[in-house]
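Here's the structure, in structure tokens; my notes come after.
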Amino acid sequence: TGPVDEVADALGLRAGVARLRQLGYQDVVLVAHSAGGLVARQFAERHPQSGVTKVITVAAPYGGSALAKIPFGLPSTQVPFI
């Protein structure tokens, strides 16, 4: 429920990708859905040394969401994703 920026910089995500590299994987491909696509893309852009070679996203809201214009009914924790 945190902002995309914080999730993309999370130590756990960096450690998980680093562990895959330590295990000998040459190519690390992140596959993500919805807001996870935003996180994966930001992670790969901010940490090029991580070893992520590809990011595949499905239904990622790169253009935002029409829900952002609704003045009510949206949990404040979801605002950063929209």
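The values are calculated or read from the model by the stated rules, or taken from the named source; none is laboratory data. As the structure is a computational prediction, the values presented were derived from the model and not from experiment. Note that we place each Cβ from the backbone using ideal geometry, even for glycine, and neighbour counts take in every protein chain shown. Heavy atoms of the whole protein, side chains included, go into the accessibility calculation; ligands, DNA and RNA do not. Shrake-Rupley method; radii C 1.70, N 1.55, O 1.52, S 1.80 Å.
Search the range 53-77 for residues being open to solvent by 70 Å² or more (accessible area, probe 1.4 Å) and among the small types (Gly, Ala, Ser), and hand back the single one that is modelled with the highest pLDDT.
Ala59
Taking only pairs six or more apart or across chains, which ones have beta-carbon atoms under 8 Å, a first residue in the range 1-14 that is more than 10 Å from Leu38 (Cα to Cα), and a second residue that is at pLDDT 90 or above and open to solvent by 80 Å² or more (accessible area, probe 1.4 Å)?
Asp9/Arg46
Inside the range 5-34, can you point out the residues that are surrounded by fewer than 18 Cβ atoms within 10 Å (Cβ to Cβ), within 23 Å of Pro75 (Cα to Cα) and not acidic (Asp, Glu)?
Hits for the range 5-34 are Ala10, His33, Ser34.
Pairs, please: C-beta under 6 Å, at least 6 apart or cross-chain, first residue within 16 Å of Val4 (Cα to Cα) and in the range 34-63, second in a loop (DSSP other than H, G, I, E, B) and open to solvent by less than 30 Å² (accessible area, probe 1.4 Å)?
Within 6 Å, the pairs are Gly37/Ala60; Leu38/Ala60.
Can you give me the number of residues within the range 35-45 that are more than 23 Å from Thr77 (Cα to Cα) and open to solvent by 100 Å² or more (accessible area, probe 1.4 Å)?
Here the count works out to 1.
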